[in-house]
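Worksheet: one structure, shown below.
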Amino acid sequence: MAKIVLNKENYFHNLEIITKQTGSKEKTAVVLKDNAYGHGLLEIASLAKEFGITKAVVRTLEEAKKIESFFEQILILAERSYSTYSHTFHIVVNTIEEIERLPENTNVHLKVDTGMHRNGITTKTLKEAILGLSSKNLNLTGVMTHYRSADELSCDFFFQRSVFNQVKKQVCEICEQLFLPIPKFHSANSSALFRFKNFDEDFARVGIAQYGYLETNPIFDNPKLKPVMSLWANKISTRTIEKNQKVGYGGKFIAKEKMEISTYDVGYGDGFLRLNGEHKYFTPKGYEVLGKVSMDNLSINSSDEEVCIFDDVKKLAEIHDTITYEITTTLMPGIKKVIK
């Protein structure tokens, strides 16, 4: 069966770079949503804990429950069930209306829209939101925002940082007036973190960088990260084909000479995005994926029992005109994970 191999040394290498930028392990929150970007929720959580990370970010309560024992604090980005929560869990609130539905004593991180215009309360309703949280006996433990263009060369990043700095000042003033503890402030994702000259927030939410990628414009001084994931497939069968014989659906690949080829047990049904034969793709060992990828298998000019399909998805992202995130998150959760 196909498997995903997670390189522990590379993962720790990336975390060393990240924690050096944030200033400490305590100021680093690893984003593990969507099965840790396809890398495996439990596997990456265990590695992050071993490294000494104490904070994680997930999408749902279900994800949080699976890793509750690994971290001191887990931020839940998009939960809608509004049940009773563990003291470890902190719930992101995006609207005033959500406040009314949360159970008392829930730990809350208030998201503020500083310019992305996707989620979060407006800056004008900041005081209303904090008053609402206080009246409902909810614990304001964090205030956050998200950057829309931290990965691009534009003024947007600096504009949003300026707005968020004003938000911080206003939150502190409101909390002092209401005799409430000052919450933690955080805004930086992977790209934003490495644009801070001197990181000065309470922690950063680091997603794709921990897995070895950074989509930030190369004009910036990006760190040398190492991909953590590699995808491996096992041989199903081997055959010899003659010159001019065609391989796979549509006969997209035509042999130029007599050659030995094999099929391997990875296809688009496993979440390996379909190669249609229009672009050549070579494995790390230099084997070519021949013609179109099928649902459950693909053909390669190899007879090896096991083949590494990729150990870096940047080329695949380029072929599919997408980002590295999509290549890794599309992989099926059921693929076996191995840590090495």
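The values are calculated or read from the model by the stated rules, or taken from the named source; none is laboratory data. Predicted model, so just to flag it, every value in this text is computed and none were measured. Using ideal geometry, Cβ is built from the backbone for each residue, glycine included, and neighbour counts are taken over all protein chains shown. Please note that ligands, DNA and RNA were not included when accessible areas were found on the heavy atoms of the full protein model with its side chains. Shrake-Rupley method; radii C 1.70, N 1.55, O 1.52, S 1.80 Å.
The relative contact order of the chain, computed from alpha carbon pairs under 8 Å that lie at least 6 residues apart in sequence, is 19 percent.
Membrane-span-like helices in the chain (whole DSSP H runs, Cα extent of at least 30 Å along the helix axis, mean Kyte-Doolittle hydropathy of at least -0.5): 156-178.
Taking the Cα centre of segment 178-292 as the origin, how large is its charge dipole in debye, to the nearest 20, when only Lys and Arg (+1) and Asp and Glu (-1) carry charge on their Cβ atoms? With Lys and Arg at +1 and Asp and Glu at -1, about 460 debye. Projecting the Cα atoms of 150, 293, 251 onto the charge dipole of the chain (Cβ charges, centred on the Cα centre) puts 251 farthest toward the positive pole.
Candidates 172, 216, 206 compared by Cα position along the dipole of the chain: farthest toward the positive end lies 216, with charges placed on Cβ. Dividing the summed -39500 (n - 2.57) terms of all DSSP H runs of n ≥ 4 by the residue count of the chain sets its mean residue ellipticity at 222 nm at -7500 deg cm²/dmol. A 1.4 Å probe, protein heavy atoms only, puts the accessible area of residue 111 near 20 Å². Among 279, 109, 146, determine the one that fluctuates most according to a GNM of the chain built with springs between C-alpha atoms less than 10 Å apart. The residue that fluctuates most here is 279.
Rolling a 1.4 Å probe over the protein chains gives residue 59 an accessible area of about 110 Å².
Each residue was assigned an accessible area with a 1.4 Å probe, and for residue 182 the value is about 80 Å².
For the set 175, 308, the ranking by accessible area, highest first and with no ligand, DNA or RNA atoms included, is 308, 175 under a 1.4 Å probe. Each Lys and Arg contributes +1 and each Asp and Glu -1, all at the Cβ; summed about the Cα centre of the chain, the dipole is approximately 340 debye.
Put 116, 259 in order of accessible area, highest first, and with a 1.4 Å probe you get 116, 259.
Using only side-chain charges placed at the Cβ, +1 for Lys and Arg and -1 for Asp and Glu, the dipole size of segment 229-339 relative to its Cα centre rounds to 280 debye. Of the residues 325, 60, 159, the one whose Cα sits farthest toward the positive end of the charge dipole of the chain, with +1 on the Cβ of Lys and Arg and -1 on the Cβ of Asp and Glu, is 325. Does segment 8-211 classify as rounded, prolate or oblate by the C-alpha gyration tensor (a ≥ b ≥ c root eigenvalues; a/c under 1.5 gives rounded; else a/b over b/c gives prolate, otherwise oblate)? Oblate shape, in that a/c is at least 1.5 and b/c is the bigger or equal ratio. As a length-normalised measure over Cα pairs under 8 Å and 6 or more apart, the relative contact order of segment 229-339 settles at 29 percent.
On a per residue basis, segment 229-339 carries 53 Å² of accessible surface, using protein heavy atoms and a 1.4 Å probe. Placing 153, 102 in order of accessible area, with the largest value first and a 1.4 Å probe, yields 153, 102.
One Cα centroid belongs to segment 225-271, the other to segment 123-152; the line between them spans 51 Å.
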